[in-house]
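K.L.:
Dropping a structure here in C-alpha cells format, bear with me for questions.
The values are calculated or read from the model by the stated rules, or taken from the named source; none is laboratory data. A quick note: this is a predicted structure, and the numbers were derived from the prediction, not measured. Cβ placement follows ideal geometry from the backbone for every residue including glycine, while neighbour counts extend to all protein chains displayed. Protein only, heavy atoms only, side chains kept; ligands, DNA and RNA dropped before computing areas. Shrake-Rupley method; radii C 1.70, N 1.55, O 1.52, S 1.80 Å.
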Amino acid sequence: MTILVTGAAGFIGCNFVRLALENNYRVVVLDKLTYAGHRENLIGIEDNPHYLGLVEGDIENPTLVSNLLEKYSVNAIVNFAAESHVDRSIEDPGVFVRTNVFGTFNLLHCAELYWRKLTQQKNKFRFVQISTDEVFGSLGDEGKFSEQTPYKPNSPYSASKASGDHFVRAWYETYGLPTITTNCSNNYGPFQFPEKLIPHMIHCALSDMPLPVYGNGKNVRDWIHVSDHCRGIMLALENGVPGETYCFGGNAEKTNLEVVHTICNTLNQLVPRADGRSYLDQITFVEDRKGHDWRYAIDDTKVEKSLGYKRKWNFEDGITSTIQWYLENKTWKDAVLKSKI
Ligand code: NAD
C-alpha cells in the first residue's frame, strides 16, 4: 500500500512517515519546503526501500498532484501540509487561505478524479485530513472538545483549517470520496521547528535569551506526544470509518507557564547554567497574543472505544525525552534555523 504524505518535511508529518515505514507502507512525500519544511527532518530514512522520495512542490498544483497519484498508484493521502503557526496567521493570513483552504480543495479535487477511475482497491482508498482542536474555538474553565463540538474558529489559522475541513466533509457527502478527519491537541516531540512553544523555549533558554510568555501565562493547552498522535492517525487510516472525524488528546492540560517552568527545571538538572542561576530567571511576560484562545482540552473517549487508541506517553516523561532529543540534536536545530528564515 502506498501513501502520499503531504507536508512530511514538517514536524508531525516526518514523524508519521517514520511510523508508516516501520509498518511497511510505501511512502512518497510532497512538500513545498516552506520555512517550516526541511529535508533534515527526513534524515535517516533515505535508504529505506519503501521510501519513494521527497517531491518538492505545492499541494495547490493540480498537475503535480494528479501525476503523483497516477505515477505511484497511491492508495491513501494523508494531508499534513499546512501553514501552521497562529502568530504568523495574524501577521500574514493570505498564505494560510491559499495552502490550508485552496490547497486542501485541490488535493480533494485531484483525489476524487483519481479515485473515481480506480477499479481495484477503490473502497479501500482513504483521504485523511490532519486538523487541529483549534477549529473548535476556545473553552472556559470547564468541559472538553469532542467530535460533537461545533466548529467556532477564532484565529486566521484555525479559520483556514476549519474551512479546509469543511471541504473535506463536502467531498465525502457530495462525491462519496472516503475521507477521514482527525482533530488533535498541541503536539510536542522531536523535529518541531523552534518557533512553537516548547522547542522555542528550549532554544531561548540555552541561548541565554529571554523566555517570552504571553500575557499572564495562564492560558491552558492539552499536550500530546507526537508519536502518540501519529499512532492515532495510523489507527484512523487503517480502521477509521469514511466520513467520520476522530479527536486525539494528550490528557495533559497545562498552563503555558507550567510548561515553561517544567522546561526550565528539567534544563536546570540536565545542563545547569555555568553561572549557577536558574533558567527560570530568563522568563519574561510579553503582550498577550491577539484573540488568544483561553483553553483547549479534548475528550478522546471515541477513539479509545472505536479505534482502541491508547497513549503511551505521560507529559512528564515525554517532555524530558523531548528536551534530551533537542540537546542531542543541536546540529539539526542549527541547520533548520539557518536554512530559510
Ligand atoms: P509544520 O508547520 O511543522 O509542517 C507543515 C509542512 O507543510 C511543512 O513541511 C511545509 O513545508 C509544508 N507545506 C506548507 N505549505 C505547503 C504547500 N502549499 N504545499 C506543500 N507543502 C506545504 O506543521 P505540523 O506542526 O507538522 O502540523 C502538521 C498538520 O497538523 C497541520 O495541518 C496542522 O494544522 C496540524 N496540527 C498540528 C498540531 C501541532 O501541535 N503542531 C496540532 C494539531 C494539528
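K.L.:
Counting Lys and Arg as +1 and Asp and Glu as -1, each charge on the Cβ, what is the dipole of the chain about the Cα centre in debye, to the nearest 20?
P.N.:
Numbers: 35 positive and 41 negative charges, 143 e Å.
Charge dipole, the chain, about its Cα centre: 680 debye, nearest 20.
K.L.:
Given contacts defined as C-alpha pairs under 8 Å and at least six residues apart, what's the relative contact order of segment 190-341, whole-number percent? Numbers along the way, then the final one.
P.N.:
Working: 170 pairs, mean separation 55.3, N = 152.
Normalised by residue count, the contact order of segment 190-341 is 36 percent.
K.L.:
Right, another one. Which one of G243, V97, I283 has its Cα pushed farthest toward the positive end of the charge dipole of the chain, where Lys and Arg give +1 and Asp and Glu give -1 at the Cβ?
P.N.:
G243
K.L.:
Still on this structure, please answer the following. From the residues H225, W325, S306, which one has its Cα farthest along the dipole of the chain in the positive direction, the dipole being from +1 and -1 charges on Cβ of Lys/Arg and Asp/Glu about the Cα centre?
P.N.:
About the Cα centre, the residue reaching furthest to the positive side is S306.
K.L.:
Angle check, please: helix 197-206 long axis (alpha carbons) against the longest principal axis of the chain (alpha carbons), in degrees 0 to 90, nearest 10.
P.N.:
40 degrees
K.L.:
Then there's this: Peptides 168-181, 115-128: what's the order by average Cβ count within 10 Å, highest mean first? Write down the numbers at each step before the final one.
P.N.:
Numbers: 168-181: 18.9, 115-128: 14.6.
Packing proxy ranking, top to bottom: 168-181, 115-128.
K.L.:
For the chain, max minus min Cα coordinate along each principal axis, in Å, sorted largest first?
P.N.:
So the extents along the principal axes, rounded to whole Å, are 67, 45, 39.
K.L.:
Same structure, new question: Under the rule a/c < 1.5 gives rounded, and otherwise a/b versus b/c splits prolate from oblate, where does segment 193-239 land using the Cα gyration tensor? Provide the component values of the computation, followed by the final result.
P.N.:
On the way: a/c = 4.83, a/b = 2.12, b/c = 2.28.
Note, shape of segment 193-239 comes out oblate.
K.L.:
Can you give the extra length, in nm with one decimal, that the chain gains between T255 and K330 once fully stretched, where that is 0.36 nm per residue apart less the Cα-Cα distance? It would help to have the intermediate numbers written out before the result.
P.N.:
Numbers: separation 75, 0.36 × 75 = 27.00 nm, distance 2.70 nm.
In short, 24.3 nm is gained.
K.L.:
Also: I'd like the Karplus ³J(HN,Hα) series for segment 227-238: coefficients 6.51, -1.76, 1.60, θ = phi - 60°, whole numbers in Hz, and an x wherever there's a Gly or Pro.
P.N.:
Result, rounded to whole Hz: 6, 5, 4, 5, 5, x, 4, 4, 4, 5, 5, 7.
K.L.:
Now, a different point. What whole-number value in Å² describes the accessible area per residue of the chain for a 1.4 Å probe? Before the final figure, lay out the partial values.
P.N.:
Details: 14760 Å² over 341 residues.
It amounts to 43 Å² per residue over the chain.
K.L.:
Once phi is turned into θ = phi - 60°, what whole-Hz ³J(HN,Hα) does the Karplus curve with 6.51, -1.76 and 1.60 give for every residue of segment 322-333, x standing for Gly and Pro?
P.N.:
Using θ = phi - 60°, the values come out as 5, 4, 4, 4, 5, 5, 7, 10, 5, 4, 4, 4 Hz.
K.L.:
Right, here's the next one. Treating only the Cβ atoms of Lys and Arg (+1) and Asp and Glu (-1) as charged, compute the dipole magnitude of segment 186-248 about its Cα centre; round to the nearest 20 debye. Present the calculation step by step, with values, prior to reporting the outcome.
P.N.:
Working: 4 positive and 6 negative charges, 34 e Å.
Roughly 160 debye for segment 186-248.
K.L.:
Further question on the same structure: Binning every alpha carbon pair distance of segment 182-341 at 5 Å from zero, what are the percents per bin?
P.N.:
All Cα pairs, binned at 5 Å, distribute as 1, 8, 17, 18, 18, 16, 11, 6, 3, 1, 0, 0 percent.
K.L.:
What is the set of long-range amide H partners of G57 at a cut-off below 5 Å, with H atoms built 1.01 Å from backbone N?
P.N.:
Amide H neighbours of G57, under 5 Å, 5+ apart: D31, K32, L33.
K.L.:
Kindly rank 299-305, 262-268 from highest to lowest mean number of other beta carbons found within 10 Å of each residue. Could the numbers behind the result be given before it?
P.N.:
Numbers: 299-305: 16.7, 262-268: 18.9.
Output ranking for 299-305, 262-268: 262-268, 299-305.
K.L.:
A further question follows. Using a probe of 1.4 angstrom, how much of the accessible area of segment 228-270 is carbon and sulfur, in percent? Please list the in-between numbers first.
P.N.:
On the way: 610 of 1470 Å².
Heavy-atom surface of segment 228-270 belonging to carbon and sulfur, 1.4 Å probe: 42 percent.
K.L.:
Quick one: 3J(HN,Hα) in Hz for segment 166-177, Karplus 6.51/-1.76/1.60 with θ = phi - 60°, rounded, Gly and Pro as x.
P.N.:
5, 5, 4, 4, 5, 6, 6, 5, 7, 10, x, 4
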